[in-house]
Each structure stands twice: as structure tokens, then as C-alpha cells.
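Report on one structure; see the data block that follows.
Rule-based calculations on the coordinates, nothing more; no lab input. Quick caveat: nothing in here was measured; it's all calculated off a predicted structure. Positions of Cβ are backbone-derived with ideal geometry, glycine not excepted, and every protein chain shown enters the neighbour counts.
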Amino acid sequence: MQRVVVLGSTGSIGCQTLDIVRAHSERLRVVAMSAGSNVDLFARQVAEFQPQRIAIADTEAGMRFRDAHPELWSRCTGTGAEAVAELAAYPADIVVNALLGYAGLRPTLAALQTGTDVALANKESMVVAGELVREAARATGARVLPVDSEHSAIHQCLRAGQHHEVRRLVLTASGGPFRTQSRAAMQDITPAQALRHPTWSMGAKITIDSATLMNKGFEVLEARWLFDVDFDKIDIVVHPESIVHSLVEFEDGSMIAQLGATDMRLPIWYALHAAERPAADFARLDLAALGALHFEPLDRERFPCVDLAVRAGKRGGMFACILNAANEVAVAAFLDSRLRFVEIPELLGKVLDQAEHDPGLTSALTLETLQRADAWGRDAASHWVQQGCSAGGP
């Protein structure tokens, strides 16, 4: 019986993880789980899966949960970020980190420091602190098992060869909803348009990141730390069908690809079983019915967020954390119609420019310096939004 902790159980990945547990209760058991503010759904989940411990990230929501569900409250270890981080260290075989944003970093480190494997859907952990995450895993021997479909695919493909035989990693991108639009046509994109992803159903933040292709830039940063490869050995190719989830090219010219239906339950299942392949009832591909698969180069001029992410990654230190923080502010402003779609990368470029001229942002990477960098990035981005990015900013 695999003991599972689910962090972020009410989100898309969390709900799909619980779907898998529900269907395979003979081999998987939820021992602890956390949620943010959706306490009604969380109460139903807790009542069904009967975890030993729970935590609620949003303190105000936690009080509503306590008042509405006193019979479940005795399981709660607390509310707030600290309680979620403590829950990540609860005795288990694997922690599924499906938290959103920078808030997922401390729970990732907490789980790894106790020697527990982490099924990582919180990409920000690797984006902002990949070096710290690798060190924590190495110190205890715990594994980081990627849940992102692209990194899960690469993890699977790498089993075909050794590290020194890898020539490059190739991440695939659907291209998002604006793959074929000109830059001129992208000037007036609305949040409703950007939220219509052509192949995946995801939360609002990641869907906007998929539209700007910032998610792909962040995936480059993830890949650099997950698989210990240099930036110049990581490429991106646009693949609209999202059937080939990623590829690895080896030094002899062979390319190994992982294909699968657009179903996040497959990479979750793979991570939950620590890269083993027990039988599952997920959808099978019919290659003949697919007929053809298409690939095209990434237009980096129309989608500059990818190069912004690589720029931050190459600078190292706190720059990826600053970029991630600024992007969260920019996406929220766009969804609130306070920033235009094409101004998102413009704002992020300005924030990086500012950061590169601030001598106070060169400290060693620690949780404390990352917290300062996160706050710095949010403040800088908020100032640009308030002043008007295209109007000149601060």
C-alpha cells in the first residue's frame, strides 16, 4: 500500500490524483491532504478519503471549514503556509505537490528533507530554486518525479540511454491558442480568448502561461535542474496535436519520444509508482486514426517569454525567482484587464532590466534570499502595472 500526501487536493492535478486513488484503492491510500480556499470541495474529499491529517492554506477559509465541519476539524494540523509545509513532512511514501506558485517551494523542500519522494506538479519549485531542490534530494536520497507531461516524457525517454549519451532534450509545445496569429492580431487579445487552450484543460494561471508560452520557458528551467543539462542542450518544438509529449536526442542521432493521449492522469500515475508501469485503464492512442502529426519551429519573436526565462536562468541566483514573481503579478493584472496580453513580456523584460542593475540581488541562494527576491519581483511588477507598462512605468 502506497501512502500518499496530496497538497492542493482541490485543484486540477489534485482532483485527478484523487481520481486515481479512488480507482486503485487497493494500492494507494491518502494519509494527508491540503487545500487552499475551496473548503466545500475539500470537506467532501476529506469525508471520502479519510486522511489522518489535513491543513488549509487560507486561514480565513480554514475558519469557515472549522465552523461548517466540526466533525472533520480534529484532523486539521493548522492553517496557513507553515501548516502546509509541516504536512508535507508527514510520514508517507510520496508527496504529490500540486500547489500553485511560489508557495509550493517550502513544502517541496520539507518533503525531500524527510527523505520522501515528491511527485512534482508545482513547477515553481524547480524554476525558482532548482539548485536548492537538487541539494535537498541528494542529501536524503529522495527522488523528484515530474508530473508535468513534458518532463514526465523526458524522464521516460532518458531510460533509453545514459546521461553522457544525451545530445539534447526537446520539449514540445502546443503553441497555445494564438499559435497562428500575427503580432498585430495579438494586440487586443482578451482574457476570455487566452483562457481557451486548444488541447489542455487547466487552471487560469497556467492557461495564460501557456498562451504566452511562459510555461515553456519555465519548463526549460525545470529541465535544466531536473535532468542536470545545460541550457544550450534544451530545445523547443511546436507540436499542435500534443500527442508527442517530449523527446530526447542521443549522440548517435537516435530520437526517443513518448506519446500518449492528452490525459494528465498518465504522468500522475507514472510518478505515483516511482517510474514503474503497472496496468492502468487510461485512453489508448489510435495512430491510424490520428493520421498525421505536425511539428514546426517556435517563433521566439511573437513569444518572447521563452527567451526571458532562459535569460533569467542563465543569470542564475535569484533571477528566475524574480521573473516568476513578476509573471504572477502580470498574469493576474491581465486577467483583471489591467494589462494587455502583449504587455506581459514587455513588463517582464523591464523587471529583469531593473534586477540586473540592482547590486543587492547577488546574494547566495537561500530560502531567506528567495523570499526577498520574490517580494522584490512582485513590487517591481506591481509598480509597472500601476504606472502603465507601455506608458513608461517607473
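Once you order the gyration tensor axes a ≥ b ≥ c over the Cα atoms, which shape class does the range 2-146 get: rounded for a/c under 1.5, otherwise prolate or oblate by comparing a/b with b/c?
The shape class here is prolate.
Which whole-Hz couplings ³J(HN,Hα) result when phi for each residue of the range 94-110 is put into the Karplus expression 6.51 cos²θ - 1.76 cosθ + 1.60, θ = phi - 60°, listed in order with x for Gly and Pro?
With the stated coefficients, the range 94-110 comes to 7, 10, 8, 9, 10, 6, 9, x, 4, 4, x, 5, 4, x, 4, 5, 4 Hz.
Under the classification rounded if a/c is under 1.5, otherwise prolate if a/b is larger than b/c and oblate if not, where does the range 305-387 fall, given a ≥ b ≥ c as square roots of the Cα gyration tensor eigenvalues? Walk me through the numbers before you get to the answer.
Details: a/c = 2.06, a/b = 1.63, b/c = 1.26.
In terms of gyration-tensor shape, prolate.
Most fluctuating residue of GLY217, GLY104, GLY80 in a GNM of the chain with Cα springs under 10 Å: which is it?
For the chain, modelled as a Gaussian network with Cα springs under 10 Å, the answer is GLY80.
How big is the Cα convex hull of the range 225-270 in projection, averaged over all directions, in nm²?
Numbers: hull surface 17.1 nm².
Quarter of the Cα hull surface area: 4.3 nm².
Do any trypsin sites (Lys or Arg not before Pro) in the range 261-314 lie in a loop, going by DSSP, with at most 11 other beta-carbon atoms within 10 Å of their beta carbon, and if so which?
ARG284
Looking at the square roots a ≥ b ≥ c of the eigenvalues of the Cα gyration tensor of the range 333-378, which shape do they give, rounded for a/c under 1.5, prolate if a/b is larger than b/c, or oblate?
oblate
Can you list the trypsin sites (Lys or Arg not before Pro) in the range 192-256 that are in a DSSP coil and have 16 or fewer other beta carbons within 10 angstrom?
Counting only loop positions with at most 16 other Cβ atoms within 10 Å, the trypsin sites (Lys or Arg not before Pro) in the range 192-256 are ARG196.
Run through the range 335-381 and list the trypsin sites (Lys or Arg not before Pro) located in a DSSP loop whose Cβ has at most 16 other Cβ atoms within 10 Å.
ARG338
Note the count of lysine pairs whose C-alpha atoms are less than 16 angstrom apart in the chain, limited to pairs 8 or more residues apart or on different chains.
Values: LYS123/LYS205; LYS123/LYS216; LYS205/LYS216; LYS216/LYS233; LYS216/LYS314; LYS233/LYS314.
Close lysine pairs under the 16 Å cut-off: 6.
Normalised by the residues of the chain, what does the relative contact order come to in percent, with Cα pairs under 8 Å and at least six apart? Walk me through the intermediate numbers first.
Working: 715 pairs, mean separation 54.1, N = 394.
That works out to 14 percent.
Would you mind telling me which residue in LEU145, LEU352, LEU293 has the biggest mean-square fluctuation in a Gaussian network model of the chain, where springs connect alpha carbons within a distance under 10 angstrom?
Per the Cα network of the chain with a 10 Å cutoff, LEU293 tops the list.
Restricting attention to the alpha-carbon atoms of the chain, what are Rg (one decimal) and Dmax (integer), both in Å?
My reading of the Cα-based Rg and Dmax gives 20.6, 63 Å.
Whose amide H sits under 5 Å from the amide H of GLY175, counting only residues 5 or more places off or on another chain, with H placed in the peptide plane?
Distant-sequence amide H within range of GLY175: HIS239.
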